1. Quick one: if the Förster radius is 51 Å, what FRET efficiency do ASP204 and ALA126 give, using the C-beta to C-beta distance and rounding to 0.05?
2. Residue separation times 0.36 nm, minus the C-alpha to C-alpha distance between GLU100 and TYR162: what's the value?
3. Could you please rank TRP106, TRP99, TRP116, placing first whichever residue has the fewest other Cβ atoms within 10 Å of its Cβ?
4. Could you work out the mean projected area of the convex hull around the alpha carbons of the chain, in square nanometres to one decimal?
5. Taking Cα pairs under 8 Å and at least six residues apart, what relative contact order does the chain come out at, in percent?
6. Once every Cα of the range 22-70 carries one equal point scatterer and solvent is ignored, give the base-10 log of I(q)/I(0) from the Debye formula at q = 0.14, 0.25 Å⁻¹, two decimals.
7. Which value in deg cm²/dmol, rounded to the nearest 500, describes the helix-derived mean residue ellipticity at 222 nm for the chain, given -39,500 (n - 2.57) per DSSP H run of n ≥ 4 and division by the residue count?
8. Could you work out which residue, out of VAL67, VAL82, VAL177, moves most in a Gaussian network model of the chain, that is, has the largest mean-square fluctuation with Cα springs under 10 Å?
Amino acid sequence: MATSELSGTTALVTGASRGFGRAITVALHDAGADVVALSRNAERLAELQSQLGGSLTTVAADAADPVVAGQLIEQYRPRTLVLNAGAPPLMRPIQHQTWESFSRNWEVDTRQAFHWIREALILPLAPQSTVIAMSSGAALFGSPLSGGYAGAKAAIRFITGYAAEESGRAGLGIRFVSVLPTLTPATDRGGAAAAAYARRAGVDFAEVGKGLGPAHEPDHVGKHIADLASSTDHAPGAYLLTPGGLKEISQ
Ligand SMILES: NC(=O)c1ccc[n+]([C@@H]2O[C@H](COP(=O)([O-])OP(=O)(O)OC[C@H]3O[C@@H](n4cnc5c(N)ncnc54)[C@H](OP(=O)(O)O)[C@@H]3O)[C@@H](O)[C@H]2O)c1
């Protein structure tokens, strides 16, 4: 695998306080990047900072706020930008969603991807930068208890693909990638989703876990995101992430 050194480069991760984002932050930090970790919960970020020996920059802010996106992209000009923050969807069938609950992930996850990706293109970030946006396997397979979640995540995949095309057309050299992890109960968000599907099927949580196969742990996700950021073999595009690893699924 051809790699480019992350050591001494700046990485910015949204949704860094727990779950995948926390593991991605640790993996990029371990690879030598100077990481800026963003989420709303300052206390959890402070815990992470003390775990990593204080060499982490933390920002308590709303990733979906366009001003936050514009200011932080200009301030840090990250070589690696991981747009991971995501809202927990209200786990109910469609008829029990309101428009507000249905559109929650559009207002957080998709809005975030739109603002940060737009800022990355217009600044622009330096050539050889990588922008990784967290979509979901639900964008391919649907998620009937999560309202607009699957559609919001499919839109993130499209936005990332459009940005890759614009980067190519303008010769910017910024690599835009979307990652579609399959469901894992190993995070707060994934655990709540798996529990809702178990209740719906009238089976216990462990049964759903078995049906999902081996769970991917946040550390596994962190490692693959750090590999994507450092490996120049991975072309711009969309990648399904399963416990077996990353698989390119085209733009
Ligand atoms: N777990 C899965 O099975 C799975 C599968 C496919 C895709 N994904 C996607 O992977 C990403 C991470 O999932 P996860 O399971 O690790 O979720 P999680 O455990 O619920 O963590 C979500 C993170 O996002 C942050 N966040 C939420 N809203 C935010 C906002 N407006 N601004 C800044 N930070 C915000 C949260 O921190 P604060 O609350 O402190 O802000 C937290 O750090 C999400 O985009 C999710 O949709 C997860």
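Read the figures in this text as sums done on the coordinates, not as results from a lab. Owing to the predicted nature of the structure, the values given are computational and were not obtained by experimental measurement. Backbone-built Cβ (ideal geometry, glycine too); neighbour counts: all protein chains shown.
1. That gives a FRET efficiency of 0.50.
2. Stretched out fully, the GLU100 to TYR162 stretch lengthens by 19.6 nm.
3. Working: TRP106 20, TRP99 9, TRP116 29.
Listing TRP106, TRP99, TRP116 from fewest to most nearby Cβ atoms yields TRP99, TRP106, TRP116.
4. On the way: hull surface 51.1 nm².
For the Cα atoms of the chain, the hull's average projected area reads 12.8 nm².
5. Working: 534 pairs, mean separation 51.6, N = 251.
Relative contact order of the chain: 21 percent.
6. Taking Cα atoms of the range 22-70 as identical point scatterers yields -0.33, -0.92.
7. Mean residue ellipticity at 222 nm (helix-derived): -13000 deg cm²/dmol.
8. So, out of VAL67, VAL82, VAL177, the one fluctuating most is VAL67.
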